[in-house]
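The values are calculated or read from the model by the stated rules, or taken from the named source; none is laboratory data. Bear in mind that the values here come from a model prediction, so they are computed numbers and not experimental data. Neighbour counts are summed over all protein chains in view; Cβ atoms, including those assigned to glycine, are modelled from backbone coordinates with ideal geometry. Ligands, DNA and RNA are stripped out before the accessible areas are found, and what is left, the full protein with its side chains, is counted by its heavy atoms. Shrake-Rupley method; radii C 1.70, N 1.55, O 1.52, S 1.80 Å.
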Amino acid sequence: GMKEPIRDLMYVSDHVSAYLTCFKKPKQSIGETFNFCTGTGWSIPEIVENIASILKWENGSVNWDTIPKRPNDIITLIGSNVKAKTVLDWKPEFTLEDGLKRTINQLKGRTTK
């Protein structure tokens, strides 16, 4: 179900910096393949716990397994950013918690109509 998948989540600013790094270093990047990622995997419940903690959400529960499992879904997806670090001197700047906090604050700032 939804509890099993482990994902390597990267904040959008790190994603953008990865592209910008390639543009700044064309000699090192053209024709090459890089994994831009954090190198750390998180289970869905760990991500939910992080969000709940940031929101100070304690009085609810998550309804797991409400949608069917995706066929052929990869259970664990964690990248290695060693090549990006060594060849391009790139690394992610944001932790999962930082990224979630920033995303939540951004969403809180939006007004609903």
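So GLU49 passes all but one of these: (1) assigned to a loop (DSSP other than H, G, I, E, B); (2) under 17 Å from ILE6 (Cβ atoms). Which condition number does it fail?
Only one criterion in (1) assigned to a loop (DSSP other than H, G, I, E, B); (2) under 17 Å from ILE6 (Cβ atoms) is unmet by GLU49, namely (1).
Would you check which residues across region 10-54 are under 19 Å from ILE74 (Cβ atoms), surrounded by 18 or more Cβ atoms within 10 Å (Cβ to Cβ) and either in contact with a Lys or Arg (Cβ under 6 Å, 6 or more places away or on another chain) or without any contact (Cβ under 8 Å) to a residue 60 or more places away in the chain (or both) and list them? Can you show your working first?
Initial filter on region 10-54 (under 19 Å from ILE74 (Cβ atoms)): 10, 33, 35-47.
Restricting the remaining residues to those that are surrounded by 18 or more Cβ atoms within 10 Å (Cβ to Cβ) gives 10, 36-38, 42.
Listed by number, the residues that qualify are PHE36, CYS37, THR38, TRP42.
Of the residues THR33, THR86, THR40, which single one is modelled with pLDDT of 95 or more and assigned to a helix (DSSP H, G or I)? Talk me through it step by step, then tell me what you get.
Working: THR33 fails: assigned to a helix (DSSP H, G or I); THR40 fails: assigned to a helix (DSSP H, G or I).
Just one listed residue meets the conditions, THR86.
How many residues are of a type in the set (A, V, I, L, M, F, W, C), farther than 22 Å from ASP8 by Cβ and either open to solvent by less than 90 Å² (accessible area, probe 1.4 Å) or part of a strand (DSSP E or B) (or both) if we restrict to region 57-66?
Quick first cut of region 57-66, residues of a type in the set (A, V, I, L, M, F, W, C) only: 57, 62, 64.
Going one step further and asking which of them are farther than 22 Å from ASP8 by Cβ, we end up with 57.
Imposing the further condition that a residue be either open to solvent by less than 90 Å² (accessible area, probe 1.4 Å) or part of a strand (DSSP E or B) (or both) reduces the set to none.
Counting residues in region 57-66 that are of a type in the set (A, V, I, L, M, F, W, C), farther than 22 Å from ASP8 by Cβ and either open to solvent by less than 90 Å² (accessible area, probe 1.4 Å) or part of a strand (DSSP E or B) (or both) gives 0.
Does LYS69 qualify as being open to solvent by 100 Å² or more (accessible area, probe 1.4 Å), in contact with an Asp or Glu (Cβ under 9 Å, 6 or more places away or on another chain), in a loop (DSSP other than H, G, I, E, B) and free of Cβ contacts under 8 Å to residues at least 60 places away in the same chain?
Working: open to solvent by 100 Å² or more (accessible area, probe 1.4 Å): yes; in contact with an Asp or Glu (Cβ under 9 Å, 6 or more places away or on another chain): yes; in a loop (DSSP other than H, G, I, E, B): yes; free of Cβ contacts under 8 Å to residues at least 60 places away in the same chain: no.
For LYS69, the condition - open to solvent by 100 Å² or more (accessible area, probe 1.4 Å), in contact with an Asp or Glu (Cβ under 9 Å, 6 or more places away or on another chain), in a loop (DSSP other than H, G, I, E, B) and free of Cβ contacts under 8 Å to residues at least 60 places away in the same chain - is not met.
Within the bounds of region 79-96, is there any residue that is closer than 17 Å to ILE6 by Cβ and open to solvent by 80 Å² or more (accessible area, probe 1.4 Å)?
No, the conditions are met nowhere in region 79-96.
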